[in-house]
Amino acid sequence: IRAHVTAALRAAATAAEPGSDAQLQLTEAFATFASSDDDLALIQGLFTGEETFEGLVVGQDLRWNLLIALVTGGVAGEAEIAAEQERDATATGKEKAACARAAVPTAEAKAAAWTLLVDTPDLANQTIEEVGIGFQRVHDNALLTPYVDKYFAMLTDMWSTRTFHIGQSIAQLAFPVRLASTELLTGCEKWLQDNGSASAGLVRVVTEHRDDVARALTAQAFDAS
């Protein structure tokens, strides 16, 4: 399915009206899914300027999106992130660099991202969002497997030490929804059963996660049939 979607997005981006918003959006979507050597080579070419789509303007926002795609795919790393952060010496550049570092496909990088996201109380709101987005960017879902139990274990204490807005953001961004499985659904249900006196806001977030996983499992069962 990923290969089919990626191929369709690549074809659509290539065929889009030169210089259009659709071309930009399709290119960004293609980069998000790109994982094969051939697709990543094209992303690399767009990033360096060696490849181009007619009319496509590779501005700073798109450069970061392309670089994060390369990092997620394992073909770029700290050297490229640091160089891009130096090129974009803005608050946004710092936040996007945090996203890129969280997207590095190693257990160590995911652990560092988790610590930033969950255990760093003074992290700025926008940085929390970018780290959470990067944390979830994986081509190998196994990188997120260790965070199922960790997610449910940290929720109550984290929520009690954060503002409502930040607590809600972390509870949403740290949830390993890509691992939609009966185990994850059971984890949600058990947490809800064991934490009936938790904050209504936190209960709502976990309930929504439970419902998302249940819908995913229904879709999986339908596809399997």
Total residues in region 56-71, condition closer than 14 Å to A41 by Cα and open to solvent by 10 Å² or more (accessible area, probe 1.4 Å):
0
Taking interchain pairs and intrachain pairs at least six residues apart, which have beta carbon atoms under 7 angstrom, with the first residue in region 110-129 and free of Cβ contacts under 8 Å to residues at least 40 places away in the same chain and the second hydrophobic (A, V, I, L, M, F, W, C) and part of a loop (DSSP other than H, G, I, E, B)?
L116/L123
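Could you say which residue among A13, A31 is under 30 Å from Y151 (Cβ atoms), modelled with pLDDT of 95 or more and open to solvent by less than 20 Å² (accessible area, probe 1.4 Å)?
On the way: A13 fails: under 30 Å from Y151 (Cβ atoms).
Of the residues listed, the single one that is under 30 Å from Y151 (Cβ atoms), modelled with pLDDT of 95 or more and open to solvent by less than 20 Å² (accessible area, probe 1.4 Å) is A31.
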Breaking point among (1) buried (at least 18 other Cβ atoms within 10 Å of the Cβ); (2) over 22 Å from the mean Cα position of the chain (by Cα); (3) not charged (D, E, K, R), for T163:
(1)
Test of understanding: among G167, G134, G187, which residue is in a helix (DSSP H, G or I) and in contact with a Cys (Cβ under 6 Å, 6 or more places away or on another chain)?
G134
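The values are calculated or read from the model by the stated rules, or taken from the named source; none is laboratory data. In this text, all values refer to a predicted model and were calculated from it rather than measured experimentally. Note that each Cβ is placed from the backbone with ideal geometry, even for glycine, and that neighbours are counted across all protein chains shown. All accessible areas refer to the heavy atoms of the entire protein, side chains included, with ligands and DNA or RNA removed. Shrake-Rupley method; radii C 1.70, N 1.55, O 1.52, S 1.80 Å.
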